[in-house]
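Engineer: Got a structure here, written out as structure tokens. Questions coming.
Throughout, read-outs are computed from the coordinates displayed, never taken from laboratory work. In this text, all values refer to a predicted model and were calculated from it rather than measured experimentally. Positions of Cβ are generated from backbone atoms using ideal geometry, with glycine treated the same way; all protein chains shown enter the neighbour counts.
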Amino acid sequence: MGGARLKVAGGNWVTARPAGVRDGVDHQLTGEVRRIDIATIREVLAQGRIALLSPIGYSLTGEIFNLRAGEVAQAVATGLGATSWCSCSIPTPTNGSSPTKPAMPASCR
């Protein structure tokens, strides 16, 4: 990838709502996807850029919530009308060693 010029755009395209109290447990900073700004993500993709999404959402009042990455990915894929999507993650070692480079799943190649 030497000399590659990747164009990446990120933004607060995810609106969230608090998960609230469930079974007597207050989930505090955990939230759920309320809405995805699909129109802006489409604009970014049309410009040939990579749309960088994180599992963080903002409420209508400006609160910040941690979201499940899979929930965000599913909402974006559904909004874009995708027929499939893949997700790759780096395993976190528990013994203090450096993480190994994960292999890309065959479905993502």
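Engineer: Looking only at strands (runs of 3 or more DSSP E) that fall completely inside the range 1-57, which ones have 1 or more residues that are free of Cβ contacts under 8 Å to residues at least 24 places away in the same chain, of a type outside the set (A, V, I, L, M, F, W, C) and closer than 18 Å to Ala75 by Cβ?
Structural biologist: By residue number, 31-36.
Engineer: Next up: Checking Asn66 against (1) free of Cβ contacts under 8 Å to residues at least 40 places away in the same chain; (2) surrounded by 13 or more Cβ atoms within 10 Å (Cβ to Cβ); (3) of a type outside the set (Val, Ile, Thr); (4) out of contact with any strand residue (DSSP E or B) (no Cβ under 6 Å at 6 or more places or on another chain), which single condition isn't satisfied?
Structural biologist: Every listed condition holds for Asn66 apart from (4).
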